[in-house]
1. Give VAL263, VAL219, VAL268, VAL249 a once-over and let me know the one that is part of a strand (DSSP E or B) and either modelled with pLDDT of 95 or more or touching a helix residue (DSSP H, G or I) at 6+ places or on another chain (Cβ under 8 Å) (or both).
2. In this structure, does ARG279 turn out to be away from ligand 2 (no atom under 16 Å from the Cβ), of a type in the set (Lys, Arg) and assigned to a helix (DSSP H, G or I)?
3. From the list LYS227, LYS285, LYS320, LYS253, which residue is in contact with a Phe, Trp or Tyr (Cβ under 7 Å, 6 or more places away or on another chain) and either touching a residue at least 60 places away in the same chain (Cβ under 8 Å) or loosely packed, with under 13 Cβ neighbours inside 10 Å (or both)?
4. Among the residues of region 126-135, are any in contact with a Phe, Trp or Tyr (Cβ under 7 Å, 6 or more places away or on another chain) and part of a loop (DSSP other than H, G, I, E, B)?
5. Of the residues LYS40, LYS26, which single one is basic (Lys, Arg) and under 20 Å from SER138 (Cβ atoms)?
6. Scan (1) among the charged types (D, E, K, R); (2) over 25 Å from the mean Cα position of the chain (by Cα); (3) within 25 Å of ASP161 (Cα to Cα) for the single condition GLU232 breaks and write down its number.
7. Please find, within region 116-158, the residue that is surrounded by the most Cβ atoms within 10 Å (Cβ to Cβ) out of those that are aromatic (Phe, Trp, Tyr) and away from ligand 2 (no atom under 16 Å from the Cβ).
8. With the requirement that a residue be away from ligand 1 (no atom under 16 Å from the Cβ), in contact (Cβ under 8 Å) with a residue 12 or more places away in the chain and in a helix (DSSP H, G or I), what does region 94-125 give you?
Amino acid sequence: SKDNYILGIETSCDETAVAIVKNGKKIISNVVSSQIESHKRFGGVVPEIASRHHVEQMTFVLEEAFDQAKLTWDDIDAIAVTEGPGLVGALLVGVNTAKALAFAKQKPLVGVHHIAGHIYANRLDEEFQFPLLALIVSGGHTELVLMKEHGIYEVIGETRDDAAGEAYDKVARMLNLPYPGGPQIDRLAAIGQETISFPRAWLEVDSFDFSFSGLKSSVINKIHNAKQRGGELKEEDIAASFQASVVEVLTEKTWKAANKYNVKQVIVAGGVAANSGLRKALDKKFEDSNIPLLIPPLKLCTDNAAMIAAAGSIAFEAGKRSEWDLNANPSLTL
Ligand code: KG4
Ligand code: ZN
């Protein structure tokens, strides 16, 4: 069949991103404008600032995506945009841009779930084999998703409180490390020792759910107590011990679920998939099994629009179209 070129737009959090992807698999251009510097001094993403940045950056990012691709609007078959979940004001900029462009250029419009995008970031590298298990670990999400076919998602486990990335960011904040804390903890953990035994929240025996708030509290207590007693507590050791707890639970639950559901492939997605400790532990766990493990390159782990175009392409091929009433939905379910 004919090639398709999908323009993807992503603005759910603090990256303004536009990409063009061919047939859902080949990145033609992928432009990401990060706002991290603007949010850093507040220690986290400020929704109002995020929305304003998206408005300011969008036309430049869009133009750059076409320049890099050396394509024109005539080449574009459809526009895919993140409709949720995320910050409502941030999402609205992407959704309204996509609707305006779809109307002006007379292109079909396809709304995409942000997590479906993270999952499809993996398909830019390799074809999916079903059933597959996806571990999604980001600042807002921690989920195990079973997929038996394209576009159909069964959530078999999820966090009951904090997301993994959120726990990383909160612990980093306690250690006075800059936002986003994940990469900072990752860097420290690599030079620290696991001297503290933090709890692992396994929950019920056969549960694939997660919980990170207990771990977070125990790290905070440890830091607090050490400060009060004037004791020595090396921040790299806290980082290493905290990371060991997060990584062990994520790895073990993924392994158990992969075996229980007899999956043909395991994929990892979301910002925390960039974590070197997690990548190493998962690689080791799946190395000798016959279940292939896919982790996207760092650039495709964090928010981008190529992943939205990739997920949008599959939806577009399956005939999915969004209407003019497409709206930002901050709590959209998968
Ligand atoms: O997927 P993402 O870019 O945005 C969301 O959809 O949330 O994920 C961002 C999250 C942040 O919490 C950040 O601290 C975390 O991913 N992160 C990491 C690493 N790189 C980013 N966490 C641990 N280790 C890393 N190397
Ligand atoms: Zn994300």
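The values are calculated or read from the model by the stated rules, or taken from the named source; none is laboratory data. All figures in this text were calculated on a predicted structure; none of them were measured in a lab. Quick reminder, even Gly has a Cβ in these numbers, built from the backbone with ideal geometry, and neighbours come from all protein chains shown.
1. After applying the criteria, what remains is VAL268.
2. yes
3. After ruling out the rest, the residue left standing is LYS253.
4. Yes.
5. Values: LYS26 fails: under 20 Å from SER138 (Cβ atoms).
Step by step, each of LYS40, LYS26 is checked, and only LYS40 is basic (Lys, Arg) and under 20 Å from SER138 (Cβ atoms).
6. That leaves (3) as the condition not met.
7. Step one: of region 116-158, the residues aromatic (Phe, Trp, Tyr) are 120, 128, 130, 153.
Filter once more, keeping what is away from ligand 2 (no atom under 16 Å from the Cβ): 128, 130.
On the way: PHE128: 19, PHE130: 13.
Ranking the candidates gives PHE128 first.
8. First, pick out the residues of region 94-125 that are away from ligand 1 (no atom under 16 Å from the Cβ): 95-111, 123, 125.
Keeping just the survivors that are in contact (Cβ under 8 Å) with a residue 12 or more places away in the chain gives 95, 97-99, 101-103, 105, 107-111, 123, 125.
Listed by number, the residues that qualify are VAL95, THR97, ALA98, LYS99, LEU101, ALA102, PHE103, LYS105, ARG123.
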